[in-house]
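Contents: one structure, followed by commentary.
The values are calculated or read from the model by the stated rules, or taken from the named source; none is laboratory data. This one's a predicted model, so the numbers in the text were calculated from it and none came from an experiment. Counting neighbours? That spans all protein chains shown, and the Cβs are built from the backbone with ideal geometry, glycine included. In case anyone asks, the SASA skips ligands and DNA or RNA and just uses the protein heavy atoms, side chains included. Shrake-Rupley method; radii C 1.70, N 1.55, O 1.52, S 1.80 Å.
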Amino acid sequence: MTDIALHQLPDSGPLTGAEIVPIDDGTATVKTTVGALRAGLAAAEHGHASAAIADSTATGRALLTAATASDARGTLGLGSLAQQNAAVTADAAQGLALRNLSAGGSAACRLTLGSNADDSDAYVQLNSGGNASHGGARSLNILANAGDICFLAGRLNPTLRLRILNGGGVAVGSATVFDSAGHASLRSYTVATLPTASPAGRLIHVSDGAAGRRLAVSSGSGWSWTDGTAVA
């Protein structure tokens, strides 16, 4: 019989399971069948019922349905996240949630990607359930809204802290601090509405300062014009 390489053999037809193949069992080369090989491998399809796959209470399962507060530790949730993301938007939300839950079932650490029901907002939320002995819950929320990128603080009902404006400026809360050209913008007050002077070293614009004075600096206990005289 002429020796030929494996790749020179003709293609087989559909496998029936009865085909004989050689294998090495660690001590010798022996024969077995395709069917026996298949039987020794993992099942061709999972043996779980659909309800088991969707069960949100079993530890270690990946959820392919709505993720809820009762998710098990180490789960991946795909689908409706309205309950998880209620802190970000009152609307029903969709997205992806990666969660590592504490033994008590609360979200010890969670990363959520989603949008609200009408897709007007998109957000990334990273939060920890927190431990009272370590300062409690912490959360980072990044929201894309009307072209702005917004950074919010707080796990429940987060508060807007910083915005990168669609036009290129930067705002703290609702006040623009840098415009798109990089010019600093001071908060404007009147003499009668000056904010607290603590801490020291803050600058503000005073719209009705005497003798045309407009720039004031805080000392920690009061406001002064840049020449050192008290704001009046």
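List the number of the failed condition for ALA197; all other conditions in (1) in contact with a Phe, Trp or Tyr (Cβ under 6 Å, 6 or more places away or on another chain); (2) at pLDDT below 95 hold.
(2)
Specify which of the listed residues (SER174, SER218, SER188, SER180) is of a type in the set (Gly, Ala, Ser) and touching a Lys or Arg at 6+ places or on another chain (Cβ under 8 Å).
On the way: SER174 fails: touching a Lys or Arg at 6+ places or on another chain (Cβ under 8 Å); SER188 fails: touching a Lys or Arg at 6+ places or on another chain (Cβ under 8 Å); SER180 fails: touching a Lys or Arg at 6+ places or on another chain (Cβ under 8 Å).
On inspection, the qualifying residue turns out to be SER218.
For the subset of the stretch 192-221 comprising residues that are in contact with a helix residue (DSSP H, G or I) (Cβ under 8 Å, 6 or more places away or on another chain) and of a type outside the set (Gly, Ala, Ser), which member is least open to solvent (accessible area, probe 1.4 Å)?
In this case the residue turns out to be VAL206.
For the stretch 157-188, how many residues meet the condition of being assigned to a strand (DSSP E or B) and open to solvent by 50 Å² or more (accessible area, probe 1.4 Å)? Reasoning before the result, please.
Step one: list which residues in the stretch 157-188 are assigned to a strand (DSSP E or B), which gives 159-164, 170-172, 175-178, 184, 188.
Subset that is open to solvent by 50 Å² or more (accessible area, probe 1.4 Å): 159-162, 164, 172, 176, 178, 184, 188.
Total meeting the criteria: 10.
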